[in-house]
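Down below is the structure, laid out as structure tokens.
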Amino acid sequence: MEIELREFEWYLRDLFFRANANNSQKFIDSFKKEDIVYTLLKNYLRYRNYEYEKISNLLNTVLTDLHSKSVLMFDKEIDNIKLYSRFDRKQCKKCYYINYLSKNEDIQCSRCSSVEMQEFPPRKR
Ligand SMILES: [Zn+2]
């Protein structure tokens with residue numbers, strides 16, 4: 001179960017990153033939980049065969065965790081969440097794991113705890 005949650009968290013961070021990857025001006029910070037579930041079902045092969053309820057349960061657990069890490073807040077309306085910042089995509093120099101990090105989080109690999117991170121994809125010189 002823990003592995004499934006960690007994996008789910010990675011995909012959720014990926015979703016938040018992608019929601020803001022293409023537009024440089026407006027930061028999309030507000031998400032309805034229902035929309036998140038449908039986006040995962042529709043766009044993510046990993047979750048295509050999941051039941052709505054199962055994704056919804058995983059989502060609630062991970063959102064609570066991300067809330068405790070100050071990555072997001074729960075909006076007045078109960079089913080909305082709001083991000084504090086965009087996510088940066090960084091690659092661990094040690095294990096090559098791709099991390100999506102909020103501005104409120106330490107720059108550290110969630111897989112091996114290394115602090116040696118680089119932009120991903122690396123900037124061209
Ligand atoms: Zn690492």
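Every read-out reported here was derived from the displayed coordinates using simple, explicitly stated rules and does not represent laboratory data. Since the model is a prediction, treat every value here as computed from it, not as a measurement. FYI the Cβ positions are ideal-geometry reconstructions off the backbone, even for glycines, and counts take in every protein chain you see.
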Go ahead and collect, in residue order, the members of region 44-77 whose backbone nitrogen is under 14 Å from a label point 7 Å along the Cα-Cβ direction of S110.
-> 59-72
Where does region 43-98 land on Rg/Rh, using Cα atoms and the Kirkwood Rh?
-> 1.05
Gap separating the Cα centres of region 4-56 and region 95-109, nearest whole Å = 18 Å
With the contact rule set at Cα under 8 Å and sequence spacing of 6 or more, what percent relative contact order holds for the chain?
-> 21 percent
Sticking with the crude label model, points 7 Å out along Cα→Cβ, report the distance from Q118 to D65 in nm, one decimal please.
-> 2.8 nm
Can you list the aspartates and glutamates whose alpha carbon sits under 16 Å from that of K94, skipping same-chain ones fewer than 8 residues off?
-> E116, E119
Too-long pairs where the Cα-Cα distance tops 18 Å, listed order kept, from K42/K82; K90/K124; K69/K103 = K42/K82
Rough spin-label spacing in nm, given labels placed 7 Å along Cα→Cβ, for N43 and Y84 | 2.4 nm
Label region 1-93 by shape, choosing from rounded, prolate and oblate, from the square roots a ≥ b ≥ c of the eigenvalues of the Cα gyration tensor; if a/c is under 1.5 it is rounded, and otherwise prolate applies when a/b is larger than b/c, oblate when it is not.
-> rounded
